[in-house]
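Worksheet: one structure, shown below.
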Amino acid sequence: MTQNWSGRRTVAAILGITAVGFTVGILLLFYLWMVLRLLGFGPNFWAMTEALATAVAAAAVLGGAVLAFRELSEAGSSRHMAVADRLFEELNSKASVQARRWIFLHLPDDPATGLETLTDEGRDAIKHVLNSLDRVAFLTQAGWIPDDMIMPWMNPMIVKTWTKVGPYVEFESQRRNEPDYYIQVRRLAEQCVAWRKSHLPDAQITWVDGAL
């Protein structure tokens, strides 16, 4: 509602300025026409008026383009904020935090042996995390939201989680002969790892006992 009202005020301002500018221009043009006639020249008043009208129309078109650009920018910002909010909610929900904590604390490094001893709780934790990351991958498709807006706070969770569950995804992909098994999650993880190496080349994953 606020954005619509702001847009209407901008349109009204552009129309008002254009109207005032055209009126002032006509008056000045008439004054100039009178002066030129007194000096002995014979300018065509209507031709001068037509030229002024053309200039005013061009100015109105330019103002409309500026308004359209502003509206698109505001719409893009609103969309980015909505996507970022959904990402934050998805990754920081209580269920997602608990599932990641179980993975960090209890998931064996070797999937070949880890799957044999995996409990129902562990399977649920892995599936929850992978499905959650699948949704994140969908929400961060190319062009939907700038990386610099989400990567600084999002990539640590994903990179750390992928260190644990990545081998399991690769193992299951080969075992099932399904090369597209959680393919979007794998691409998201690769993107996060690449971003972290580029922006935080000295950062390392450290596992701390009793961490929050």
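Scan the range 158-175 and tell me whether some residue there is in a helix (DSSP H, G or I) and either within 21 Å of the chain's Cα centre (by Cα) or farther than 23 Å from G114 by Cβ (or both). Can you show your working first?
Step one: filter the range 158-175 for residues in a helix (DSSP H, G or I), giving 158-175.
Retained after the next criterion (residues that are either within 21 Å of the chain's Cα centre (by Cα) or farther than 23 Å from G114 by Cβ (or both)): 158-159.
Yes, because at least one residue in the range 158-175 is in a helix (DSSP H, G or I) and either within 21 Å of the chain's Cα centre (by Cα) or farther than 23 Å from G114 by Cβ (or both).
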In the range 178-192, what residues are farther than 19 Å from I126 by Cβ and either hydrophobic (A, V, I, L, M, F, W, C) or surrounded by 13 or more Cβ atoms within 10 Å (Cβ to Cβ) (or both)? Q191
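Using the structure shown, decide if K197 is surrounded by 11 or more Cβ atoms within 10 Å (Cβ to Cβ), of a type in the set (K, R) and without any contact (Cβ under 8 Å) to a residue 24 or more places away in the chain. Outline the logic, then answer.
Values: surrounded by 11 or more Cβ atoms within 10 Å (Cβ to Cβ): yes; of a type in the set (K, R): yes; without any contact (Cβ under 8 Å) to a residue 24 or more places away in the chain: yes.
Spelling it out, K197 is indeed surrounded by 11 or more Cβ atoms within 10 Å (Cβ to Cβ), of a type in the set (K, R) and without any contact (Cβ under 8 Å) to a residue 24 or more places away in the chain.
No lab work stands behind these numbers, since they all come straight from the coordinates. Given the structure is predicted, the values throughout are model-derived calculations rather than measurements. Here the Cβ is made from the backbone with ideal geometry for all residues, glycine too, and neighbour counts use every protein chain on show.
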